[in-house]
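All of the numbers you see were taken from the coordinates with simple rules; none came from a lab. These numbers were taken from a predicted model, which means no experiment stands behind them. Every residue, glycine among them, receives a Cβ derived from its backbone with ideal geometry; neighbour counts consider all protein chains shown.
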Number of protein chains: 2
Amino acid sequence: MAQSYNICLDVGGTKVLGAIFDENREIIYRLKKKTTEGGSSTENIEQVIISVVEEMIDKSGIKKSKIHAVASCAPGVIDQENGIVLFTPNLPMRDYDIRTPMEKRFGVPFYIGNDVNLGVLGEYRFGAAKGYKNVVGFFVGTGMGGGLILDGRLFTGNKFKAAEYGHMILDPEGPLCGCGQRGCLEAFSSKKGMSAYIRQQASRGRKSMLADQVTDGVFRSKFLKQAIAEKDPVTMEAVDRACHYLAVATGNMINTISPDVVVYGGGVMEAVGDLFLKKILAEVDRYCMPTIRSTVELKVASLGDDSVLYGDLAMIEDSDK
Amino acid sequence: MAQSYNICLDVGGTKVLGAIFDENREIIYRLKKKTTEGGSSTENIEQVIISVVEEMIDKSGIKKSKIHAVASCAPGVIDQENGIVLFTPNLPMRDYDIRTPMEKRFGVPFYIGNDVNLGVLGEYRFGAAKGYKNVVGFFVGTGMGGGLILDGRLFTGNKFKAAEYGHMILDPEGPLCGCGQRGCLEAFSSKKGMSAYIRQQASRGRKSMLADQVTDGVFRSKFLKQAIAEKDPVTMEAVDRACHYLAVATGNMINTISPDVVVYGGGVMEAVGDLFLKKILAEVDRYCMPTIRSTVELKVASLGDDSVLYGDLAMIEDSDK
């Protein structure tokens, strides 16, 4: 693998991030495009993904023959073994074999996995969860994702659908979640959950500087950071509520897995992770058994927005073994 | 291992069950004693455990030289690797090395593990969960235990403390649990949880035939079965509430693990498992994601009170490998 490069992609509902890693695992080139730049059909999205790879190769000046592998994530249920996107709530791909066209196009192995699973894998191999054996990850963004490293391996369960504890029900009579259930962690603690609370308060006539920033049901994390910095009262209520339920869910996952570490990643944690962690730590002891709590650490992810790209790289390296 | 015998024990807070398995995995002899028969000190309890093994050998007429191994469970946190009882809420054993005296006494390998973990292992190897790869077990008795088989192996997490999802919080404002938290699954759905509900209703002047059967905070499962058979209204309310929260917890565990099967064991399920399963099945689809639900089966345990003894046997066979 001397002098070779790995191309890693983070395919989301709105944008595709690309990065080229050199053999020292340094990112030497980056590119970002809108996922639906060419239209929102499956073919158009595949074309965007291909064009990101091609443009990165072109502009970085690396030789095509030096590319070792290409890896990507997608937000949804992914058959990681066969490279098939089984289901994505935010992209028009269903039972879609993306490996075959990608390998045909680039002539190197192509791997794909679930975005949050890979984010946690990235943190486990190269970030805040490095050196631990059992890892519970919470990724707090528009939604709430989970990922599990158990006995040192990414755990994917039956048909790669494990770790959806973002939809763990914490109050059967709680607010409606996008998934159709009530009182899921996501409905309280994700950007969607916090936005819903802020909109609800706005509809009662309460002012909040974050209310104006909610578009398409969510705010951007940088506006959350600003509103927190200015101690906007309604925002702080939404944050307290989010952290309360994150603490309960963390306690439940500590009791369930007895992990060595719980790691919190995603856009919200990248922006305001220290505050969230402080609030979670202030409560979590109440929600899990002291003997299990005593052997687990809680940490903010350290790779920021690159967690998933590093997870892609880990997936490539695992496949090489 | 020709013509050899394994001695398996189920050490509980009130009784020690013993069984001798022959080489065809048939139970050829059984014995039961009160755990605190000789007193409630650690030494006395160890003496009861030893006496169960000795008496079974004596009375069954098997030769001591034909004993292959002895295995046991205990209710608590067990260092399965080193044979140490780290902590048991209902027995006076703490950081207690039980392997050394047992191996010294009987001259064969001695293994010990957590009771519910071994119950689920027994069902996985020889019972209702046989042939599956990822198993979530709920054991409904005085308390509420859990056990996880992941990728075909018993999962024990950091320091053997995993699978305590009996203390998963389903309502942060719910009833107080013995563990000190509020709204745990155990506080709703175990015998203790159902008993608390029934006592609460009795204190409001409502009659229930099960109320008179509650001693030391619990009823015996056969009285639950009778009260259900006679459709005792308060009992049926307690059962509906227990099954509702068991369904929510099942949904949460399905989302978290994406198991192939969920298996329900323990004394309550042995007595009234069909009714409980029917009620859980009527609700569970609401509490997990349809795509994950579609690949999981829900089953009542098939080995009854012997789940744990078969789990001991599986632990011995795994150690032989």
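Relative to the longest principal axis of chain B, what angle (0 to 90°, nearest 10) does the C-alpha long axis of helix B:307-320 take?
Here the helix axis deviates by roughly 50 degrees.
Among DSSP beta bridges lying fully in the range B:43-144, give the percent that are antiparallel, nearest 5.
Antiparallel bridges make up about 60 percent of those DSSP assigns within the range B:43-144.
Which percentage, to the nearest 5, of the DSSP beta bridges contained in chain A is antiparallel?
Values: 31 of 51 bridges.
Taking every DSSP beta bridge within chain A, about 60 percent pair in antiparallel fashion.
Taking the beta-carbon count within 10 Å as an exposure proxy, list B:Asp305, A:Asp232 from fewest neighbours to most.
B:Asp305, A:Asp232
Antiparallel DSSP bridges in the range B:128-302: what percent, to the nearest 5?
Details: 12 of 21 bridges.
Expressed as a percentage, antiparallel bridges in the range B:128-302 total about 55.
When Cβ neighbours within 10 Å are restricted to other protein chains, what is their mean count per residue of peptide A:167-176? Provide the component values of the computation, followed by the final result.
Details: counts 9, 12, 12, 8, 8, 10, 1, 1, 0, 0.
Going residue by residue through A:167-176 and averaging, the value is 6.
Give me the dipole magnitude in Debye, nearest 20, for chain B about the Cα centre, with unit charges on the beta carbon: positive for Lys and Arg, negative for Asp and Glu. Please report the intermediate quantities before stating the final value.
Working: 38 positive and 40 negative charges, 117 e Å.
Around 560 debye, computed over chain B.
Using 18 Å as the Cα-Cα cut-off, could you pick out the over-long pairs in A:Lys33/A:Lys225; A:Lys33/A:Lys59; B:Lys161/B:Lys192; A:Lys33/A:Lys192; A:Lys15/A:Lys299?
Among A:Lys33/A:Lys225; A:Lys33/A:Lys59; B:Lys161/B:Lys192; A:Lys33/A:Lys192; A:Lys15/A:Lys299, the Cα-Cα distance tops 18 Å for A:Lys33/A:Lys225; B:Lys161/B:Lys192; A:Lys33/A:Lys192; A:Lys15/A:Lys299.
Count the net charge of all other residues whose Cβ sits under 10 Å from the Cβ of A:Arg105, scoring Lys and Arg as +1 and Asp and Glu as -1. It would help to have the intermediate numbers written out before the result.
Details: positive: A:Lys104; negative: A:Glu46, A:Glu54, A:Glu103.
My count for the surroundings of A:Arg105 gives -2.
Per-residue mean of other chain beta-carbon atoms within 10 angstrom of the beta-carbon, peptide B:254-267?
5
On C-alpha positions alone, give me the angle between the axis of helix B:191-203 and the longest principal axis of chain B, in degrees, nearest 10.
40
Sequence neighbours fewer than 8 away in the same chain don't count; with that in mind, list the lysines whose C-alpha is under 21 Å from A:Lys63.
Of all the lysines, those that pass the test against A:Lys63 - Cα under 21 Å, at least 8 places apart if same chain - are A:Lys32, A:Lys104.
Between A:Glu23 and the same site in the other copies, what are the distances in nm, shortest first, taking label points 7 Å from Cα along the C-beta direction?
Label-point distances to the other copies, shortest first: 5.7 nm.
Near A:Met315, within a Cβ-to-Cβ distance under 14 Å, what is the net charge of the other residues, with Lys and Arg +1 and Asp and Glu -1?
Charge balance in the 14 Å sphere: -4.
In which sequence would B:Thr88, B:Thr42, B:Thr156, B:Thr250 go, from the one with the fewest C-beta neighbours within 10 Å to the one with the most?
B:Thr42, B:Thr88, B:Thr156, B:Thr250
Cut-off under 20 Å on the C-alpha distance; same-chain residues fewer than 8 positions from B:Lys321 excluded. Which lysines are left, in chain and number order?
B:Lys66, B:Lys130, B:Lys133
Please report, for A:Asp285, the nm distances (one decimal) from its label point, 7 Å out from Cα along the beta-carbon direction, to the equivalent points in the remaining copies, shortest first.
For A:Asp285, the inter-copy label distances come out at 4.5 nm.
Give me B:Leu277, A:Leu309 ranked fewest to most by other Cβ atoms within 10 Å of their Cβ, as a rough exposure proxy.
In increasing order of surrounding Cβ atoms, one gets B:Leu277, A:Leu309.
Calculate for the protein assembly as shown the 222 nm mean residue ellipticity that helices alone would give, adding -39,500 (n - 2.57) per DSSP H run of length 4 or more and normalising by residue count, nearest 500 deg cm²/dmol.
Dividing the helical sum by the residues of the protein assembly as shown leaves -12500 deg cm²/dmol.
If you build a Gaussian network model of chain A, linking Cα atoms that sit under 10 Å apart, which residue out of A:Ala19, A:Ala202, A:Ala69 swings the most?
A:Ala202
Mind checking which aspartates and glutamates have their C-alpha under 12 Å from A:Lys64, skipping anything on the same chain fewer than 8 residues away?
Qualifying aspartates and glutamates at Cα under 12 Å: A:Glu54, A:Glu55.
Is the shape of the range A:1-156 best called rounded, prolate or oblate, per the rule: a/c under 1.5 gives rounded, else a/b larger than b/c gives prolate, else oblate, with a ≥ b ≥ c the square roots of the Cα gyration tensor eigenvalues?
Since a/c reaches 1.5 but b/c is at least a/b, the shape of the range A:1-156 is classed as oblate.
Can you tell me the Rg and the Dmax, both Å, for the Cα atoms in the range B:131-175?
12.4, 40
From the label point of A:Gln200, set 7 Å along Cα to the beta carbon, how far off in nm is each other copy's matching point, shortest first?
Its label point is 2.4 nm from the equivalent points in the other copies.
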